[in-house]
Amino acid sequence: MIKIAPSILSADFSKLGEDIKDLERYGADLVHIDIMDGMFVPNISFGIPIIKSIRNLTKLPFDVHLMIEEPARYIEDFVKAGADIITIHYEADRHIDRTINYIKSFGVKAGIALNPATPVENIKHLMPNLDMVLIMTVNPGFGGQKYIQYCSEKIKEVKELSNKFNKDLMIQVDGGIGKDNIKAVVDCGANVIVAGSAAFKDGMIEQNIQDLRGEF
Ligand code: DX5
Ligand code: ZN
């Protein structure tokens, strides 16, 4: 089953609550929530109060993508705000193994995100302990960027490791995914597809999600 995770970074924030309420009916499987600190990435998005304020509007799992330095400092806060999956960046944490266990100690799912230039090999030994690997297919920080083609190879590498070490692994791709390339990433092995601009384009969320699903 391929999951679609709309990224609310591309949402119209003046009506965020209404859209969150309807996301499940529109065919979304997860709500992808991009947290940016202006340090790990050159952009600031939004923080914990926003997550809290939308938590009760949907039953969909909250998939929180932390693009912040030293994420361990804030894990407990994100759990309390209602995160179901917390993904941290390999590049942002010197003790990634410890932080993954720390996330799991709260009973939420844990993922590692890899920037385009970070080799998949670096997290090979952690695979059995992960719920999700997020292959960034753009350099993180902004919505609406172009898919980086060499990342397709990395999706295949994660898929191979998943076959060997963790068959239940969620393989997430994030950045520059739309109607033109969603089938290609699914064919490479991705099973959780983040879509920001492709999902929220022109405010036609239901139609956009249907269109994406129609491609595979
Ligand atoms: C980028 C974020 C993405 C972003 C994707 O740093 O992690 O989740 O919202 O947006 P699109 O799908 O427009 O590339
Ligand atoms: Zn993201």
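The values are calculated or read from the model by the stated rules, or taken from the named source; none is laboratory data. Bear in mind the structure is a predicted one, so any value in this text is a computation, not a measurement. Cβ placement follows ideal geometry from the backbone for every residue including glycine, while neighbour counts extend to all protein chains displayed. Accessible surface areas use protein heavy atoms only, side chains included; no ligands, DNA or RNA. Shrake-Rupley method; radii C 1.70, N 1.55, O 1.52, S 1.80 Å.
Filter region 113-128 down to the residues that are within 16 Å of ligand 2 (Cβ to nearest atom) and part of a loop (DSSP other than H, G, I, E, B), then identify the one that is nearest to GLY38 (Cα to Cα).
Within region 113-128, the subset within 16 Å of ligand 2 (Cβ to nearest atom) is 113-116, 118.
Among the residues that remain, those that are also part of a loop (DSSP other than H, G, I, E, B) are: 115-116, 118.
Working: ASN115: 16, PRO116: 19, THR118: 20 Å.
In this case the residue turns out to be ASN115.
Just checking, which of ASN163, ASN115 is open to solvent by 20 Å² or more (accessible area, probe 1.4 Å) and more than 13 Å from ligand 1 (Cβ to nearest atom)?
Working: ASN115 fails: more than 13 Å from ligand 1 (Cβ to nearest atom).
The match here is ASN163.
Return a yes/no flag: does region 148-156 have any residue that is away from ligand 1 (no atom under 16 Å from the Cβ), outside any loop (DSSP other than H, G, I, E, B) and open to solvent by 20 Å² or more (accessible area, probe 1.4 Å).
The answer is yes; a qualifying residue exists.
How many residues are part of a loop (DSSP other than H, G, I, E, B) and either touching an Asp or Glu at 6+ places or on another chain (Cβ under 8 Å) or buried (at least 18 other Cβ atoms within 10 Å of the Cβ) (or both) if we restrict to region 97-112?
Quick first cut of region 97-112, residues part of a loop (DSSP other than H, G, I, E, B) only: 105-108.
Okay, now just the ones that are also either touching an Asp or Glu at 6+ places or on another chain (Cβ under 8 Å) or buried (at least 18 other Cβ atoms within 10 Å of the Cβ) (or both), so 106, 108.
Matching residues across region 97-112 total 2.
Just one of the numbered conditions (1) more than 24 Å from SER162 (Cα to Cα); (2) among the acidic types (Asp, Glu); (3) part of a helix (DSSP H, G or I) is not true of GLU69; which one?
(3)
Here's the yes/no breakdown for (1) under 20 Å from PHE200 (Cα atoms); (2) at pLDDT below 95; (3) within 13 Å of ligand 1 (Cβ to nearest atom):
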| position | (1), (2), (3) |
| --- | --- |
| PRO6 | yes, no, yes |
| ASP22 | yes, no, no |
| ILE35 | yes, no, yes |
| ASP63 | yes, no, yes |
| PRO71 | no, no, no |
| ALA81 | no, no, no |
| ILE86 | no, no, no |
| TYR90 | no, no, no |
| ARG94 | no, no, no |
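Hey, can you tell me all the residues within region 19-59 that are over 24 Å from VAL138 (Cα atoms) and hydroxyl-bearing (Ser, Thr, Tyr)?
Result: TYR26, SER53, THR58.
Which one of LYS52, LYS59 is under 28 Å from ASP22 (Cα atoms), basic (Lys, Arg), over 15 Å from the mean Cα position of the chain (by Cα) and in a helix (DSSP H, G or I)? I'd like the intermediate steps shown before the answer.
Details: LYS59 fails: in a helix (DSSP H, G or I).
Only one candidate qualifies: LYS52.
Please work out which one of (1) in contact with a Leu (Cβ under 7 Å, 6 or more places away or on another chain); (2) more than 19 Å from GLY111 (Cα to Cα); (3) in contact (Cβ under 8 Å) with a residue 24 or more places away in the chain is the condition ALA198 fails and give its number.
That leaves (3) as the condition not met.
Taking region 167-187 only, how many residues are assigned to a helix (DSSP H, G or I) and open to solvent by 20 Å² or more (accessible area, probe 1.4 Å)? Explain how you work it out, then say what you get.
Applying the first criterion (assigned to a helix (DSSP H, G or I)) to region 167-187 yields 182-187.
Among the residues that remain, those that are also open to solvent by 20 Å² or more (accessible area, probe 1.4 Å) are: 183-184, 186-187.
Number satisfying all stated conditions: 4.
Any residue in region 129-143 that's touching a residue at least 40 places away in the same chain (Cβ under 8 Å) and assigned to a loop (DSSP other than H, G, I, E, B): show its pairings with residues that are within 9 Å of ligand 2 (Cβ to nearest atom) and not hydroxyl-bearing (Ser, Thr, Tyr) at Cβ separation under 6 Å, as long as the two are six or more apart or on different chains.
Sorted first by the residue in region 129-143, then by its partner, the pairs are THR137/GLY175; PRO140/MET67; GLY143/LEU9; GLY143/GLY196.
Among (1) more than 28 Å from ASP168 (Cα to Cα); (2) open to solvent by 30 Å² or more (accessible area, probe 1.4 Å); (3) touching a residue at least 12 places away in the same chain (Cβ under 8 Å); (4) not aliphatic (A, V, I, L, M), which single condition is LYS3 missing?
All conditions are met except number (1).
Just checking, how many residues over region 187-214 are touching a helix residue (DSSP H, G or I) at 6+ places or on another chain (Cβ under 8 Å) and closer than 17 Å to ASP174 by Cα?
So the count comes out to 14.
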